[in-house]
Structures are given as C-alpha cells and as structure tokens.
Amino acid sequence: MALILIYKLGDDLYGLEIDAIQEIIENPVLHYVPRAEGVLTGSINFHGQILAVIDLPALLDFAVAQRDHRHLVLTPDYRSLVLTTSGVERIVNLEMELLQAPPEGYDRPAVRGVIDYDETTINLLDTDEVIKQLEEIFAE
Amino acid sequence: MRIEISYKFIIGFIVVVVSGILVNLAVPYIKGIEPEFRQVFSIFCSLVVGLIIGSAFSRAFTGNIRRLTSAGDRIRQGDLSEDVEVGGSRFPDETSDLAKAMNQFQASLRSLVGDIRNIAFRVASSSQNLSGTSQEMSASAQEVARTTDQISKGAETQAEMVEESTRLFKELAISIKLVASSAKTVADSADLTLETARSGSDMAGSSLDSIRQVLTEAEGSGQQMVNFIAQLQKISKFVEVINGIAQKTNLLALNATIEAARAGEYGHGFAVVAEEIRKLADTTTTSADEITSLVESIEKEGQQVKSSMAQVIDEMESGREAADRTNQAFSEITRNAEGTRSKASSIAELTEQQTSSAERIIRAIDEIDRVVSDNAAATEQVSAATQEQSAAMEEMAQSAKELSNMSESMLQIVKQFKLVKDQD
C-alpha cells in the first residue's frame, strides 16, 4: 500500500508518491526569472529557500492544459523542485503490487508505470525522467 | 297852273283864230306880197300856227298817255319800283292827275305788298322754326318713347328679377330653417358627447388611479425583488467564503496526510482524521456548489422576475400614459363638445334671427314686387301716352311743314312784286 497524490496533466491522470512531496502550496508569490526557459515559470520563496517552479504540462508537451493554483513542492531528494500541474485531485491509497509497466508503444510521456484505480488509469510519474529532461534543457 | 284838256283845246283854237286875225291885219304892211295873195298868206299862216300848236299839244298828250299806259303795264307786271312821271308839268292836266292817282295807288300797293312780304317772311321763318321745333319735339318724343320702352322692358326684367329674388329668398329661408334644425341636432349631439366624454373621463380617471396604485405596488415589488437579489448575492458571497474555507481545509487535509505519512506509523491515526476532514471539506464544497447553483438559478429566476417586473412596470407606465392621454383626450373632447354646443346654440340663435330677417326681406321684396308691377303699368301708360304724343307731334310737324311750304309759296308770289328800283 502506498499513498499516491493524484493530479491532472492535460486530461490525463498522473500520480506521485507522497514521499516525494514536501508540501502542497497555494498561490505562492511567483518571482520572474530573467531569460529563463519556457518550462521555468519563475521562482518562489519557500520558507526562506529559493525554489524553481517547473511547468510540468509544458515540459511534457501537453499542448492544451490548464494550470492549477496549487503547486507541489518536492522533497530535497527531488532537488526541491516546485511542480505546476493541471489540477491537484486528492490522495489515494493504492496497492503498489498492481502497478504495471507501461504497455509497449505507450504514448504518454514520463510514465514509470500504470495502475488501474476506480475504473481509470493512473500514470505514475517518472521523476527521474523529468529531472533528466530538465538537466538536458538547462545544460544547453 | 292847272289847265284842263278841254280848255287847252279851246285856248289853241283861240290862238289860231287870233293869229289869223293878226296876220290878216299885218299883211298890208308886209312888202313883197301881192294884195291878191294876202288872204292866202294869212290863212296859210293861221294854218301853220294851228299845226304847230296842235302838233305840240297832241305830242305832249300822247306822250303822257303812253307813259301812263306803260306804267300801268309795269304795275300789272308787278314792278312797283318806279313812280309815273308825266311831261309838260308847267300846265298839268288830267294826265297828271291820273299819274298822281296811279302813283298813290302804287304807293299803297307797294306798302301792302311790303307788309305782306314781311309777314310772309316772318311766317316762313316762324313756320320753319315751328317745323324744326316740331321735328325736334317729334324726335324727342320718339326718344322718350324708346326710353319709355326700355324703361318698360327694364321694369319687366326688374319684376322677373324680383320674382327670382323672392324665390331665392324663400329657398334661403328654407335652408336657414334646415341649418337651424341641424344646429339644434348638433347641439343635442354635443350634449350627448359631453355627457359620454365626462363619464369616459371619469372612467379614465378611475382606471388611471387603479393603474397608479398597481404601478406603485409593482414598483414596491420590483424594489423587493431587487432587495431579494441583493440578499441572494450576499448568500453567494457567503457561499464563496465557505467554498474557499472548504478548499483551504482540503489543502490542509492534503498536507496533513503528507505530514502524517512522513510520520510513519505514528501518523496513521492523524492520516485517518485528515481523510475525514478532507471528506468533510469535499462535502462542504459539494454543498456549497449546490447552494451556489441553487442561488444562481434563484438569481436567474429573480432576474427574470425583475425583468418581467420591469416590463410590467414599463407596460404599466405606458398604460398609465395611455390612460393619461385618454383622460386628456376626454378632457379635450369635453372642451370641444362644450365649444361645439355653445357654437351650435349660437348658430341656432343666429339662424332664428336670420329666419325672421329673411321673412322680413321676403315681405320687403313682395312690396318691391308690387311697386315694380305698378311701375311697369305706369311705364306702359307713359309709353302709350308718349306714342300718342309722338303721333301728335308728327302731325304737328307735318302741319308746320305745310305751313312753311304755304308761306314759302306766298313769299314766292309776293316776291314777284318789285318794290325798289334795281341798283343797276
């Protein structure tokens, strides 16, 4: 059993283990970062720390997607990134034994595995893939 | 010295005898004459003396007779210009008397003819004047006759026109009576209209009052609806607040769950509480959403009611205006009907006056008609008299002309007498 935060990216449901989440914050004061890439929306002051806010739908190429006013602050294990989603849903308790590898030719980006819950499919976010993509972008 | 003819013959004879005696006595003293011829000589001398005296005497006598004869001839021919002159006036005789008598006769004849001629002249000129005057008078009389004819015709036309006038005035009187009765009808209608308009005005006024009352009530309802909608909006605001609190609660529950998870086994109970709180927050959100949608639908209906109310108020307003206008129209109708009634009444009065005036006019025209008829008759009499006068004038002119002609011929006759010696 594991607690998973379900959120939306575009029209798809994604999930993230809450162990990776430091806190969910609402309407932070967003500071503009000059000459930043499109995926870097800005920076926030989180309890005295300057954290980068990443536009996850933009990073994962969700063309049409709304942005939630709630943001996920990841733990320092995940570089203390702040992720913007299309909408924070809720926290559910999932049987991680039911987690399956994404099928061959699965077109959703950054998916570590899929799990069926309540007649829907939840894509578990591959945080390593996200960090990798970010590193690729910012390395250039 | 007057010597009568017989004495003149005697005196001549005596002279012849005396001369014979004297010659007889003187012959012896005459030488050269033989005594035998002395007798012959004295006879011869006596004869010579006798012949001389006789011839002288008879010549004078016959000359006087011839003059007298020629004077008589002259007088017979009408020449009274010369007096008769006889010669040998040293010893006038009967021829002189005859000449004197003829001269006296001629003088009296001359004066008579002169008088006649003067009178004839005067008569001619008078008769000419008379003729001219009578012609003028005749012409004047004809003119008068013609004028009288015209007057007569004019009088006839006048009579016709008067008749026509009478007819027209009678028609006019009838028309005036019709107008009077129409005016009466109009006045009655105006009265009826006035009454109807007054009751209509009252009805319009009462309906206006009702509309005003309803309008006031509707305005009150509209205000209540506005207040109600404002209250609903307040509810909406409260619901928003509740919704915000629920979301905050939801977020807090999420973060509490995360914190509880981080606390591991110790946080399990807290996680359950957090889940319950989240459920409550969700329920609250759902309820708030329901309230919001309920408020929204109520608000929508309220808006509809408000707009319906506004429409009703608008319609009421236009109804009120219409009623106002109706009331004004009725007032106008009332005023007009009053005006119409008073005008119709005055028309009726005026037409009554007109009727009496027209009747008086008709009487006057009848009088005129009679006068005109009398005039026509009189004019015809005048015309007849004038024609008679004209005829008399013509006769008189004819007579004057005849008189003139007669005086002219008399003058011609008198002119045959020559009273003055010609100047040539």
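Quick note: the coordinates plus some simple rules give every number you see, no bench work behind them. In this text, all values refer to a predicted model and were calculated from it rather than measured experimentally. So basically every Cβ, Gly included, is an ideal-geometry build from the backbone, and we count neighbours across all protein chains shown.
Details
- Dipole magnitude (debye, nearest 20) for the range A:2-139, charges at Cβ of Lys, Arg, Asp, Glu: 640
- Computing Rg and the Kirkwood Rh from the Cα coordinates of the range B:163-367 gives a ratio, Rg/Rh, of 1.68.
- Descending Cα extents along the principal axes, the range B:317-381, whole Å: 90, 16, 6
- Distance from the range B:301-356 to the range A:88-110 (C-alpha centre basis), Å: 83
- Once you reduce the range B:391-424 and the range B:213-281 to the center of their Cα atoms, the two points are 163 Å from each other.
- Farthest towards the positive end of the charge dipole of chain A, among the residues A:Gly15, A:Gly87, A:Tyr106, is the Cα of A:Gly87, using unit charges on the Cβ of Lys, Arg, Asp and Glu.
- Nitroxide proxy distance, nm - points 7 Å out along Cα→Cβ at A:Asp118 and B:Lys100: 20.9
- Between B:Glu332 and B:Gln135, full extension at 0.36 nm per residue minus the direct alpha carbon distance yields a gain of 62.5 nm.
- Cut-off 19 Å (backbone N to label point 7 Å along Cα→Cβ of A:Ser80), residues of the range A:1-21: A:19-21
- Overall Cα dimensions of the range B:275-364, principal axis frame, Å, largest first: 127, 12, 7
- The range B:163-367, relative contact order in percent, only Cα pairs under 8 angstrom and at least six apart counted: 50
- Of B:Lys237/B:Lys306; B:Lys248/B:Lys279; B:Lys234/B:Lys300; B:Lys177/B:Lys343; B:Lys234/B:Lys279, pairs whose Cα-Cα distance is over 19 Å: B:Lys237/B:Lys306; B:Lys234/B:Lys279
- Isotropically averaged projected area of the range B:28-174, using the convex hull of Cα atoms (one quarter of hull area), nm²: 14.9
- Within 10 Å of each Cβ in A:86-95, the average number of Cβ atoms from other chains: 3
- Area projected by the alpha carbon convex hull of chain B, averaged over all directions, nm²: 62.7
- Against the rule of thumb 2.2 N^0.38 Å, how large the Cα Rg of the range B:95-205 comes out: 3.45
- 13 Å cut-off, amide nitrogen to a point 7 angstrom out along B:Ser189 Cα→Cβ, residues in the range B:322-341: B:337, B:340-341
- Counting Cβ atoms of other protein chains within 10 Å of each residue's Cβ and taking the mean over peptide A:24-35 gives 1.
- Principal-axis tilt of helix B:94-262 within chain B, Cα atoms, nearest 10 degrees: 10
- Cα-based equivalent ellipsoid of the range A:2-139: semi-axis lengths in Å, sorted from largest, via gyration tensor: 25, 17, 14
- The dipole here belongs to chain B: it is taken about the Cα centre, uses +1 on the Cβ of Lys and Arg and -1 on the Cβ of Asp and Glu, and is about 4160 debye.
- Distance cut-off 39 Å, percentage of C-alpha pairs in the protein assembly as shown lying past it: 75
- When chain B is described by a simple charge dipole with +1 on each Lys and Arg Cβ and -1 on each Asp and Glu Cβ, the residue from B:Ala384, B:Ile235, B:Met406 located farthest towards its positive end is B:Met406.
- Counted residue by residue at 0.36 nm each, then reduced by the alpha carbon distance between them, the extension gain from B:Ser318 to B:Met203 reaches 39.7 nm.
- The value obtained for the range B:1-92, namely the Cα convex hull volume divided by the number of residues, is 111 Å³ per residue.
- Counts of other chain beta carbons within 10 angstrom of each beta carbon in peptide B:271-283 average 1.
- Helix axis angle, A:127-139 relative to chain A longest principal axis, alpha carbon, degrees: 30
- Virtual paramagnetic centre 7 Å along Cα→Cβ of B:Glu380, amide N under 19 Å, in the range B:159-180: B:159-164
- Summing Cβ point charges (Lys, Arg +1; Asp, Glu -1) relative to the Cα centre of the range B:292-386 gives a dipole of roughly 100 debye.
- When the alpha carbon gyration tensor of the range B:279-424 is reduced to an equivalent ellipsoid, the three semi-axes, largest first, read 126, 26, 10 Å.
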